[in-house]
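Notes follow the structure.
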Amino acid sequence: DAGVIQSPRHEVTEMGQEVTLRCKPISGHDYLFWYRQTMMRGLELLIYFNNNVPIDDSGMPEDRFSAKMPNASFSTLKIQPSEPRDSAVYFCASSRNGFNQPQHFGDGTRLSIL
Amino acid sequence: KNQVEQSPQSLIILEGKNCTLQCNYTVSPFSNLRWYKQDTGRGPVSLTIMTFSENTKSNGRYTATLDADTKQSSLHITASQLSDSASYICVVSELTGGGNKLTFGTGTQLKVEL
């Protein structure tokens, strides 16, 4: 079975530009999570969805960040406008039947804002 | 403030040896504790999830223990292999009135050498 698929794997852009990260969860999984990982702060949960509905977005750092899940097989995380401090690896994960079930992570998008 | 502290920060062992990683937490109310393995450049992979009532859980050569009274967990790796070289992250889930919250440790970087 295919795992969680994220795109792009790498993104380099200039500050002020809009950045869109994409995620395809594992088929049949009803929870989807977006994380950010940096050397300074480690892993942070940004937002999670259940059945395409955002449940908790308290980890989203600023209004510049937004996430959508238009259907069960696709989610986006958008940063507009981007800033250098947004540089990080962004992970998407999915799980089946509950927040506390094992989460399956994608390999992340490495984002560099110049 | 809820915290998860891992020790040691880094560790080097010889192939075939055993090792134990520690995780102490102050998260309350406790829901569950998770151990993840993260290879360089990859997303985290779930090793174990333990609830309050579970003292030990194994996944192959990985055995996690939990003492909910002292708020301590350990991850024991038996007969280490070169492929065990990775970062090991402890994550504690808190169940609040507002839903589930995760607190992340900063990880233990393990290197297994010949």
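All of the numbers you see were taken from the coordinates with simple rules; none came from a lab. Note that this is a predicted model, so its numbers are computed, not measured. FYI the Cβ positions are ideal-geometry reconstructions off the backbone, even for glycines, and counts take in every protein chain you see.
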Flag for B:LEU110 being more than 20 Å from A:PRO102 (Cα to Cα), in contact (Cβ under 8 Å) with a residue 60 or more places away in the chain and crowded, with 18+ Cβ neighbours inside 10 Å: yes
Neighbours by Cβ (under 9 Å, 6+ apart or cross-chain): first from the range A:31-58, at positive phi; second not in a strand (DSSP E or B): A:GLY42/B:GLY105; A:GLY42/B:THR106; A:GLY42/B:GLY107; A:ASN51/A:ASP30; A:ASN51/A:ALA72; A:ASN52/A:ASP30; A:ASN52/A:ALA72
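Condition first: hydrophobic (A, V, I, L, M, F, W, C) and over 25 Å from B:MET50 (Cβ atoms). Can you find one or more residues in the range A:32-45 that meet it? Spell out how you get there, then give the answer.
At the first step, the residues of the range A:32-45 found to be hydrophobic (A, V, I, L, M, F, W, C) are A:32-34, A:39-40, A:43, A:45.
Subset that is over 25 Å from B:MET50 (Cβ atoms): A:39-40.
Yes, that holds for at least one residue.
Restricted to the range A:68-114, and to residues that are over 27 Å from B:TRP35 (Cβ atoms) and of a type in the set (Gly, Ala, Ser), which residue is surrounded by the most Cβ atoms within 10 Å (Cβ to Cβ)?
First, pick out the residues of the range A:68-114 that are over 27 Å from B:TRP35 (Cβ atoms): A:68-74, A:76, A:78-87, A:112-114.
Imposing the further condition that a residue be of a type in the set (Gly, Ala, Ser) reduces the set to A:72-73, A:82, A:87, A:112.
Values: A:ALA72: 17, A:SER73: 15, A:SER82: 23, A:SER87: 16, A:SER112: 13.
This residue is A:SER82.
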Every residue from the range A:28-41 that is surrounded by fewer than 21 Cβ atoms within 10 Å (Cβ to Cβ) and either within 15 Å of A:GLN101 (Cα to Cα) or more than 15 Å from the chain's Cα centre (by Cα) (or both): A:GLY28, A:HIS29, A:ASP30, A:TYR31, A:MET39, A:MET40, A:ARG41
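Can you list the strands (runs of 3 or more DSSP E) found entirely within the range B:66-114 that contain at least 3 residues being within 29 Å of A:PHE49 (Cβ to Cβ) and within 12 Å of another protein chain (Cβ to nearest Cβ)? Before the answer, list the steps.
Details: elements: B:72-77, B:86-96, B:99-104, B:108-113.
Counting at least 3 such residues, we get B:86-96, B:99-104.
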Candidate set from the range B:1-52 (those that are closer than 16 Å to A:LEU45 by Cβ and among the hydrophobic types (A, V, I, L, M, F, W, C)); member that is nearest to the other protein chains (Cβ to nearest Cβ): B:ILE49
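Evaluate the range A:66-87: report whether one residue or more is of a type in the set (Lys, Arg) and within 27 Å of B:GLN9 (Cβ to Cβ). Explain how you work it out, then say what you get.
Step one: list which residues in the range A:66-87 are of a type in the set (Lys, Arg), which gives A:68, A:78, A:85.
Of the ones still in play, those that are also within 27 Å of B:GLN9 (Cβ to Cβ) are A:85.
For the range A:66-87, residues of a type in the set (Lys, Arg) and within 27 Å of B:GLN9 (Cβ to Cβ): present.
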Test set (1) within 14 Å of chain B (Cβ to nearest Cβ); (2) over 12 Å from A:CYS23 (Cβ atoms) - A:SER87 fails condition number: (1)
